[in-house]
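Colleague: First the structure, which I've put down as structure tokens, then a few questions once you've had a look.
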Amino acid sequence: MPTRLRQITLPVLAWSTVGLFGTALALVFFYAPVDGDQGLSQKIFYIHVPIALTSYACFGWGAAKAFLHLWKRPPGADLESYAAIHQGVIFGALTLVTGSIWARSSWGIWWTWSSNQLVTFLILFLFYSAYFMLRYSVEPGPARANMCAVYALFGVVLIPVSWLSIRLANDFIHPTVFNQHGPQMAGSMFLTFCVCLAGLLALAGTMYRIELAGKRLDSRLRELRELLT
């Protein structure tokens, strides 16, 4: 985590997340216009797409920490990589759920295997879900940390593949709203989207910090028990 972000206390980050979420919901329901084609169901776009981007960011952060662990081996990098990937899987599951709800309400289907971008994201999600099977099948120690780091680095290759599959797709399931000419939406819609993305990134950051604090406390308690026995 960048130094400036580490200097932000957890309560400040949590309250900032609450403020951003409140603002985002107000913008979604009272400021952003209703889509002429999809109606109110289009408003899930402001949640679904930022959740997916947040998932990508978490997986990318986990891979960055994994690379740092293999390169310089700073203490805590393996745990930070684990926590980031855990958050990525959570937001990945939410991406699949919100995407299915949007597809059902707008186009009458929950899922289609013929859509490459949906299948690619599912592969990315399942790959990182399997990370935990690897992690907990090996005894804690340097070997487990190294194997998990290598696995996380392999998985990050799927992120640009998933992103490009969305960019190149031309089917009706996943319309492209960002192209080489910029966002294809009104200014009010783009502002709402940006605030929602900021709120979800702040939520991911808050959950990441809370999980790290809990894991570190648990580790210290186990060390203390071992010293007392």
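The values are calculated or read from the model by the stated rules, or taken from the named source; none is laboratory data. All values derive from a computational prediction rather than experimental measurement. Heads up, the Cβs are rebuilt from the backbone with ideal geometry, glycines too, and the neighbour counts pull from every protein chain shown. To get the accessible areas, we keep the full protein, side chains included, count just its heavy atoms, and leave off ligands, DNA and RNA. Shrake-Rupley method; radii C 1.70, N 1.55, O 1.52, S 1.80 Å.
Colleague: Counting heavy atoms of the protein chains only and a 1.4 Å probe, report the per residue accessible area for the chain as a whole number of Å².
Modeller: Values: 12610 Å² over 229 residues.
Accessible area per residue, the chain: 55 Å².
Colleague: Keeping the other protein chains in place, figure out the carbon and sulfur percent of the accessible area of the chain, with a 1.4 Å probe.
Modeller: Details: 8810 of 12610 Å².
After summing per-atom areas, the C and S share lands at 70 percent.
Colleague: Given the DSSP H assignment, sum -39500 (n - 2.57) over each helix run of at least 4 residues in the chain and divide by its residue total; what's the result at 222 nm in deg cm²/dmol, nearest 500?
Modeller: Numbers: 8 runs with 170 residues, N = 229.
It lands at -26000 deg cm²/dmol.
Colleague: Using the beta-carbon distance between residue 109 and residue 70 and R0 = 30 Å, what value does 1/(1 + (r/R0)^6) give for FRET efficiency, to the nearest 0.05? Please list the in-between numbers first.
Modeller: On the way: r = 42 Å, r/R0 = 1.41.
It comes out at approximately 0.10.
Colleague: Can you find, among 137, 47, 71, the residue farthest towards the positive end of the dipole of segment 1-146? Put +1 on the C-beta of Lys and Arg, -1 on that of Asp and Glu.
Modeller: So the residue furthest toward the plus end is 71.
Colleague: In debye, nearest 20: dipole of the chain around its Cα centre with unit charges on the Cβ of K, R (+) and D, E (-)? Each step should come with its number before you reach the end.
Modeller: Working: 16 positive and 10 negative charges, 126 e Å.
So the magnitude is around 600 debye.
Colleague: For the ranges 80-86, 145-151, what's the packing order if you count other beta-carbon atoms within 10 Å of each residue, average per peptide, and put the highest first? Mind showing how you got there, number by number?
Modeller: Details: 80-86: 24.0, 145-151: 18.7.
With the highest mean Cβ count within 10 Å placed first, the list reads 80-86, 145-151.
Colleague: Now a separate question. With springs only between Cα atoms under 10 Å, which of 21, 67, 132 fluctuates most in a Gaussian network model of the chain?
Modeller: Of 21, 67, 132, the Gaussian network model singles out 132 as fluctuating most.
Colleague: Under a 1.4 angstrom probe, counting protein chains only, how are 72, 215 ranked by accessible area, largest first?
Modeller: Numbers: 72 130, 215 70 Å².
Ranking 72, 215 by accessible area, largest first, yields 72, 215.
Colleague: Let me ask you something else. Taking R0 as 30 Å, what's the FRET efficiency between residue 23 and residue 225 from their Cβ-Cβ distance, rounded to 0.05? If you can, show how the numbers build up before the last one.
Modeller: Details: r = 45 Å, r/R0 = 1.49.
Here the calculated transfer efficiency is 0.10.
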